[in-house]
Amino acid sequence: MSDNLALAVNMLSVLLGSSLLVAVVNNSRKASAEHKKLVAEASKSVLKRVEMYYRIRRRTKNVDDTIAIRNTFHQIQEENEYYKTLLISESKWHGERYVLYISAIQKLTADQTRDAWKQRPFGPDAEIKPEQRPNHQRINELSLQFAKDTRRLMNPVVRVFMRLRDSWPAKKVWKITVYEP
């Protein structure tokens, strides 16, 4: 009888252990998918800044267009702050990389965005010369760099390295330059 009881306890232990393992793996996958979605939305929010150049150039003489563009800039700023807070709460260094990403995009597009308000003609049919456009090659490089940093966060081994790499003493010696415009 005790052999049967021991066998039953062992079987129950195996079943509970495997159920627990499946639950942990599923939760990990779900958290990973949610984080990927968060990062994608955060990147999308940053890249809206690039699109603003084209919105300014395509605006009409209608005052409502100017107001809508201004409100969109405010909305983008609010979104960027929202995602910055979320990313910093998950990982300080990843959130700081997001701030560097935003800053680089702002610096990269600031002159073109400022000039877009002055350029004539403007409107839905305005011709946009390639030299007037934001540098999409560099913007793509910055986006890929942020995606790379996200993969680093999701890798447990590299995450530890990045935490050390982005610590205060390390940043004093080894400046982060990958996000410079």
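The values are calculated or read from the model by the stated rules, or taken from the named source; none is laboratory data. In this text the structure is predicted, and so the values were computed from the model without any measurement. No Cβ is skipped: glycine too gets one built from the backbone with ideal geometry, and neighbour counts run over all protein chains shown. Accessible surface areas use protein heavy atoms only, side chains included; no ligands, DNA or RNA. Shrake-Rupley method; radii C 1.70, N 1.55, O 1.52, S 1.80 Å.
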Return one whole number: the accessible area per residue of the chain in Å², for a 1.4 Å probe. 67 Å²
With springs connecting C-alpha atoms under 10 Å apart, model the chain as a Gaussian network and identify which of Trp93, Trp117, Trp168 has the largest mean-square fluctuation. Trp168
So what does the Cα-only Debye profile of the chain read at q = 0.13, 0.17, 0.20 Å⁻¹, as log10 I(q)/I(0), no solvent term? -0.78, -1.08, -1.30
Selection of GluC sites (Glu not before Pro), the range 103-151, meeting DSSP coil and at most 12 other Cβ within 10 Å: Glu127
For the chain, which whole-number percentage of the solvent-accessible area (1.4 Å probe, protein heavy atoms only) is attributable to carbon and sulfur atoms? 59 percent
Each residue of the range 35-52 in turn: what ³J(HN,Hα) in whole Hz from Karplus with 6.51, -1.76, 1.60 and θ = phi - 60°, glycine and Pro shown as x? 5, 4, 5, 4, 5, 4, 5, 5, 5, 4, 5, 5, 6, 4, 4, 5, 4, 4
